[in-house]
Amino acid sequence: MSEQKKIRVATCSLAGCFGCHMSFLDIDERLLQLLEHIEFDRTPLTDIKHCGPCDVGIIEGGVCNSENVHVLKEFRKNCKVLVAIGACAVNGGIPAVRNNIDLWECFQEVYHYGIGLKNGQIPNDPELPLPFDQVHPIYEVVKVDYFLPGCPPPADAIWKFLTDLLAGKTPKLEYETLHYD
Amino acid sequence: MPDNNTILLAVQTAAARHGNDPANLVQILREVQDALGHIPEEAVDDIARFLDIPRVRVAGVRGFYHFFHDRPHGRYEILFSDNIIEHLQGKPELLQQMCTRLWVEPERMSEDGLVRVGSTSCIGMSDQGPAALVNGVPVTRLNMERVETMVELVQKGVPLSQWPADFFQVEDNLRRADVLLGEPLERGAGVRAAVEKGSDGILAEIDRSGLRGRGGAGFKTAVKWDFCRKAVDTGEECSIVGPKVCDNTAATVRYVVCNADEGEPGTFKDRVLLNSHADLVFEGMTVAARVIGARQGFLYLRGEYRYLFDKLNGILAQRRRDGLLGENILGSGFSFDIVIHLGAGAYICGEESALIESLEGKRGTPRNRPPFPVTHGYLGKPTVVNNVETYALAAKIAAKGGEWFAAIGTAQSTGTKLLSISGDCERPGVYEYPFGVTVRQVLADCGAQDARAVQVGGPSGTIIGEGEFDRRLAFEDLATGGSFMVFNRERDIFEAARNFSSFFAHESCGFCTPCRVGSTLLKKGMDKIASGHGTCADVEELKRIGQLTRAMSHCGLGQTAANPVLQTLDKFWGDYEKRLISKEFEPSFDLDKALAVARRITGRDDAWAHVSAD
Ligand SMILES: Cc1cc2nc3c(=O)[nH]c(=O)nc-3n(C[C@H](O)[C@H](O)[C@H](O)COP(=O)(O)O)c2cc1C
Ligand code: SF4
């Protein structure tokens, strides 16, 4: 196995809370086992700023601003397989709760009316990502190959998913790892 | 805004009229809204107190029905019927014109609270559309001229009672009558027969007639009545309706319910039956009551047909005076009475168990079945639910026997069927045909020379193309609840399927995820293709979601919601293909446009304030 070229994996969090990444780390010592077969490209664990050619891209979080789109497209361009992980990437999740609120009202609440704010101004620095009027699941912006639901998906589901994928199988999760009631 | 005393008085009056009974919550809410214009929070508090039920139940029911409002919605509320036929006849342009002239945005009340213009699901007038509900009353045959006059009347604040009477004219448009509508039955003949022949005698005639339900599913009426007749109220499973009905001691109470929800787009034959043959319908209900042993019946009338409410109540009163209804009918000792409940704009309330929930004053959410209404219906008691037309036919069969009826139609579909024909034909209206008639024959009779497709049985039914016009209308082949919408060669079938998809997304009751989410995803997928951004991948996704929605949904609505998309993909692929772009993937919204609001707020227009689709 060690002779084989390692599978290159990139991950990132868009409009998410890094909870899915935390759940990923919850595979604990199995991470070492995993690292025998994979290597990381861009992830919060490395300091790589841009995603290069990869085998698997894992996206946490939905799309809420222009920067998310650029990152997402870079992943799509470079990754053979793209995976949406967690409720926010799959459906928009918690950030999408703002979809029922007018963006102008959101801005006002944050920059004008927030407690302790006085003469608040709405920032317009070009370096800041510009928010969309609504938060979108990632499949509405790029083609997605796999969806791994959960908020977050449990470590065992992530482990099963990745090991299936590494074994060259279509990932299959038991009902027990997918239902939450 | 009404003050607290006015609200209290309105609630008190409505609640008292309905015996402070939570089972009448839908009716109470309607009357409160009539009095106040909408149902404010204070009214919800008061109703909860008077009926002694949780506040959330009142608010939940208010939120469920499209015609209930929690805030003012204009002194004039004008809702254009969104049926595809009326759509093709110019509804979008008429609506736009009205909005432009009144200076309002669609679906939003004008600043001065004068008017709101919007859309609503088919109001059962597609034979004389485009039509709209104005404060709940249908205005038919709309054109630019009528819209112009309506704008003036609204601006001048003329009350509806002073609008030109011909605006509200609803024609029967009865074009072809057969045994049901062509041969009048002497008033009371059905009830008299029921009293004379008794339960067994009538049931035997209904059985002999082979009568099957006319609401769409075609269940044998005799079997249904017999099940109900034999059902004994054991008090079991009463958890579904609460402890109040667990009554093992009393003799079994049974109910007769007439389903006049007629929500399937393109259907309006029940409207004609109720307008011109209501006696026959009530007669049939009374016959059913005699067979199953019921004392109480309900006519569940869709909110859109509210304009018939007073007239129907008048007919009920007359029947009571004539000894055909009420205590001791025709001196036989048999007693039965009928109450009319009004719906409030919810297609799902046509599904029989949702209808019963609504009758019980709840949100119209379909129940788990089994148990079926015949054993656990209204308030958990055995209940027969039938379509309007089924009762009208049952009255005839009771009076004339079952034999002659069985001789009409086909082996498994006896008798005649009322069709509601609309769309691209010279003579839209109601047609009565013996079962087994071919689509081609019907098209010839209604003057549809140029037909390309017919939607049989409404959006939840079947669409057929020219190659299938020799198929027959009967349960053996093309089953139908009566909707028959004709599209000519110039029509775009994709647009029809898209209209139907948004109908289902709008009407999904939201109870189960496959339908609530699936119907919306189908609508979004169709909208994406319509906007010129659809790819083959989107079509594949539509198929996948369609199958899932069909297989996993809780009730008939979800199980049929994907029919229009799946069937038209199969039969009218060309109408899709010409819209698709040859790309592997295309975002489902305009990325750059979705940043426009933020650009405006921040005043930015730099390169980073834009994104391109590629
Ligand atoms: C979503 C949905 C809507 C329905 N709408 C109606 C309706 O408007 N009128 C009707 O008679 N039956 C309707 N039905 C069928 C009823 O559930 C029921 O089968 C029918 O009222 C039984 O009467 P029948 O045996 O006389 O046909 C609907 C069913 C579903 C699933
Ligand atoms: S299928 Fe649709 S309409 Fe039926 S219960 Fe589910 S959500 Fe409600």
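A few points about this structure:
- Dipole magnitude (debye, nearest 20) for the protein assembly as shown, charges at Cβ of Lys, Arg, Asp, Glu: 1320 debye
- For the residues B:95, B:185, a 1.4 Å probe over the protein chains yields an accessible-area ranking, largest first, of B:185, B:95.
- Convex hull volume per residue for the protein assembly as shown, taking Cα atoms only, in Å³: 203 Å³
- Residue-wise HN-Hα coupling along region B:265-282, computed from phi with Karplus coefficients 6.51, -1.76, 1.60 (Hz; x: Gly, Pro): x, x, 9, 8, 5, 5, 4, 5, 4, 6, 6, 10, 9, 4, 4, 5, 5, 5
- When the P(r) of region B:176-406 is calculated, the portion above 23 Å amounts to 44% of the C-alpha pairs.
- The alpha carbons of region B:498-548 occupy a box of 31, 20, 11 Å along the principal axes, longest dimension given first.
- The string of couplings for region A:98-104 from the Karplus curve (6.51, -1.76, 1.60, θ = phi - 60°) is 6, 4, 8, 10, 4, 4, 4 Hz, one whole number per residue in order, with x for Gly and Pro.
- Rg/Rg_ref, region B:4-64, where Rg_ref = 2.2 N^0.38 Å and atoms are Cα: 0.92
- When chain B is described by a simple charge dipole with +1 on each Lys and Arg Cβ and -1 on each Asp and Glu Cβ, the residue from B:165, B:50, B:204 located farthest towards its positive end is B:204.
- Burial of 30 Å² or greater, region A:120-142 residues [accessible area, probe 1.4 Å, versus chain by itself]: A:124, A:126, A:130, A:132, A:133, A:136, A:139, A:140, A:141
- Of A:141, A:110, A:81, the one that fluctuates the most in a GNM where chain A has Cα springs shorter than 10 Å: A:110
- Beta bridge orientation in the protein assembly as shown: antiparallel %, DSSP, nearest 5: 40 percent
- Share of carbon and sulfur in the accessible area of region B:4-64 stands at 51%, probe radius 1.4 Å.
- Probe 1.4 Å - accessible area at residue B:528, Å² to nearest ten: 20 Å²
- Cα centroid separation - region B:60-124 against region B:133-160, whole Å: 12 Å
- Take every pair of alpha-carbon atoms less than 8 Å apart whose residues are at least six positions apart; their mean separation over the length of region B:52-211 yields a relative contact order of 19 percent.
- For residue A:80, the lysines whose Cα falls under 21 Å of its own Cα, not counting residues fewer than eight places away in the same chain, are A:5, A:6, A:49, A:143, A:160, A:169, A:172, B:583.
- Three principal axis lengths of region B:416-489 [C-alpha, angstrom, descending]: 28, 22, 21
- Beta bridges per DSSP with both ends in chain B, % antiparallel, nearest 5: 45 percent
- Filtered trypsin sites (Lys or Arg not before Pro), region A:1-103: DSSP coil and at most 14 other beta carbons within 10 Å: A:5, A:6, A:49
- Degrees between helix B:41-51 axis and first principal axis of chain B (Cα, 0 to 90, nearest 10): 20 degrees
- Viscosity 1.306 mPa s, temperature 10 °C, Stokes-Einstein D of region B:446-533 from Kirkwood C-alpha radius, µm²/s: 110 µm²/s
- Close amide H partners of residue B:83, meaning residues 5 or more places away or on another chain with modelled amide H under 5 Å apart, are B:122, B:123.
- Protection proxy ranking, highest mean first, for peptides B:274-281, A:99-106: B:274-281, A:99-106, where packing is the per-residue count of other beta-carbon atoms within 10 Å, averaged.
- Listed residues B:532, B:509, B:548: farthest to the positive end of the dipole of region B:481-614 (Cβ charges): B:509
- Think of a 1.4 Å ball rolled over the protein heavy atoms: chain B then has 39 Å² of accessible area per residue.
- Loop GluC sites (Glu not before Pro), region B:385-464, which have at most 10 other Cβ atoms in a 10 Å radius of their Cβ (DSSP): B:426
- Compactness relative to 2.2 N^0.38 Å, alpha carbon Rg of region A:105-147: 1.70
- Here the mean projected area of the convex hull built on the C-alpha positions of chain B is 29.5 nm².
- With both residues required to sit in region B:76-171, DSSP beta bridges show an antiparallel share near 55%.
- The angle between the Cα long axis of helix A:66-78 and the main principal axis of chain A comes to about 20°, on a 0 to 90 degree scale.
- Rg/Rh (Cα only; Kirkwood hydrodynamic radius) as it applies to region B:492-614: 1.07
- Over region B:1-137, the hull volume per residue, using the convex hull of the C-alpha atoms, is 106 Å³.
- With Cα atoms defining each centre, region A:17-85 and region B:323-373 are spaced 57 Å apart in the structure.
- Region A:1-150 - convex hull of the alpha-carbon atoms, volume per residue in Å³: 135 Å³
- Accessible-area rank, largest first, for B:584, B:262: B:584, B:262, with all protein chains present and a 1.4 angstrom probe.
- Rg(Cα)/(2.2 N^0.38 Å) for region A:1-51, N = residue count: 1.23
- Viscosity 1.306 mPa s, temperature 10 °C, Stokes-Einstein D of region B:76-171 from Kirkwood C-alpha radius, µm²/s: 122 µm²/s
- Sequence-separation-based contact order of chain B, relative, with Cα cut under 8 Å and 6+ spacing, percent: 13 percent
- Per-residue ellipticity at 222 nm, computed for the protein assembly as shown from helices alone with -39500 (n - 2.57) per DSSP H run of at least four residues, works out to -11500 deg cm²/dmol.
- Solvent-accessible ranking of B:404, B:103, largest area first, probe 1.4 Å: B:103, B:404
- Equivalent-ellipsoid semi-axes of region A:136-181, from the Cα gyration tensor, Å, largest first: 19, 16, 8
The values are calculated or read from the model by the stated rules, or taken from the named source; none is laboratory data. Worth saying up front: this structure is predicted, and the values here are computed from it rather than measured. FYI the Cβ positions are ideal-geometry reconstructions off the backbone, even for glycines, and counts take in every protein chain you see. Protein only, heavy atoms only, side chains kept; ligands, DNA and RNA dropped before computing areas. Shrake-Rupley method; radii C 1.70, N 1.55, O 1.52, S 1.80 Å.
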